[in-house]
Amino acid sequence: KKWDGKYRQIKIKVNRDGTEGRYRKGYFAVDPSELKDRKPEQEVAEALQDQAPATLVTFSAQIKPAGKGLGVDFLVDPSTISAEDAGGGKKINMVLYAAMFSPDGKMLGNKSMKVDQTFDAETYKKILTQGMFLHIDLDQPPAKNNEVRLAVRDNRTGNMGTLTAPSQ
């Protein structure tokens, strides 16, 4: 009930042998009426820190070595991204994020890619049937126990999806 913007930890104990709980580690106590002034970058940063995945935008990803760092291939499900009519085509406005985290939760580096583009009807039809394939290169080399956290945010709706994977 105290909306002071501070981080609140959540701890859940499971009383069953062989069971592991997956849950978000916490949240920021932000008054919902103040969310209208929030910046998208802040929302993404919070989502990347959270261990529980956001699932409103769905995508799959493949991570592989690329030069001295890692390459991330995203395949975004177009049915979870909004598109608006624009001059005979469809406009998509979304941002993809890839970040490397150390085992203690420190962000070691990140990259993002914005897609703010109008697609003609034929190209948009292909996107609807095949998905949207995009690539980001991370400069950080893979390391044991590091994690790669990925996010896709639909800028029109604010909906987001996240994934976490080992860097090796």
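The values are calculated or read from the model by the stated rules, or taken from the named source; none is laboratory data. Source: prediction; values computed, not measured. FYI the Cβ positions are ideal-geometry reconstructions off the backbone, even for glycines, and counts take in every protein chain you see. Only protein heavy atoms, including side chains, enter the accessible area calculation; ligands, DNA and RNA are left aside. Shrake-Rupley method; radii C 1.70, N 1.55, O 1.52, S 1.80 Å.
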- Item | Residue-span extension gain [Met107 to Glu43] - 0.36 nm each, minus C-alpha spacing | 21.5 nm
- Task: Distance from a point 7 Å along Cα→Cβ of Thr19 to each backbone N in the stretch 47-87: keep the residues under 20 Å and list them by number.
- Result: 52-53
- Provide the net charge surrounding Ala83, with neighbours chosen by a C-beta distance below 9 Å and charges set as Lys +1, Arg +1, Asp -1, Glu -1. +1
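Which sequence of Met94, Met107 reflects their accessible areas, 1.4 Å probe, from the largest down? Don't skip to the answer; put the middle values down first.
Numbers: Met94 0, Met107 70 Å².
Largest accessible area first, the list is Met107, Met94.
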- Give me the lysines in straight-line cross-link reach of Lys126: C-alpha distance below 29 Å, same-chain residues under 8 apart excluded. Lys64, Lys90, Lys91, Lys111, Lys114
- Query: Expressed as an acute angle from 0 to 90° and rounded to the nearest 10, what is the orientation of the C-alpha long axis of helix 40-49 relative to the principal long axis of the chain?
  - Reply: 50 degrees
- Which three lengths, in whole Å and largest first, does the stretch 64-125 cover when its Cα atoms are put on their principal axes? 47, 23, 17
- Task: Restricting things to alpha carbons, find the Rg to Rh ratio for the stretch 127-168 using the Kirkwood radius for Rh.
- Result: 1.06
- Fluctuation leader among Glu46, Glu84, Glu122 - the chain, Gaussian network, Cα springs under 10 angstrom: Glu122
- Message: Rounding to the nearest 10 and keeping the result within 0 to 90°, find how far the Cα-based axis of helix 121-130 lies from the longest principal axis of the chain.
- Response: 40 degrees
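Arrange the residues Ile10, Ile127 by how much accessible surface each exposes, largest first, with a 1.4 angstrom probe.
Values: Ile10 50, Ile127 15 Å².
Most to least solvent-accessible, the answer reads Ile10, Ile127.
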- Kindly provide the helix-only [θ] at 222 nm of the chain, computed as the sum of -39,500 (n - 2.57) over DSSP H runs of four or more divided by all residues, to the nearest 500 deg cm²/dmol? -3500 deg cm²/dmol
- Query: Per the Kirkwood definition applied to all pairs of different Cα atoms, how many angstroms is the hydrodynamic radius of the chain?
  - Reply: 17.6 Å
- With 0.36 nm assigned to each residue of separation and the Cα-Cα distance removed, Asp139 to Asp73 gains 22.3 nm
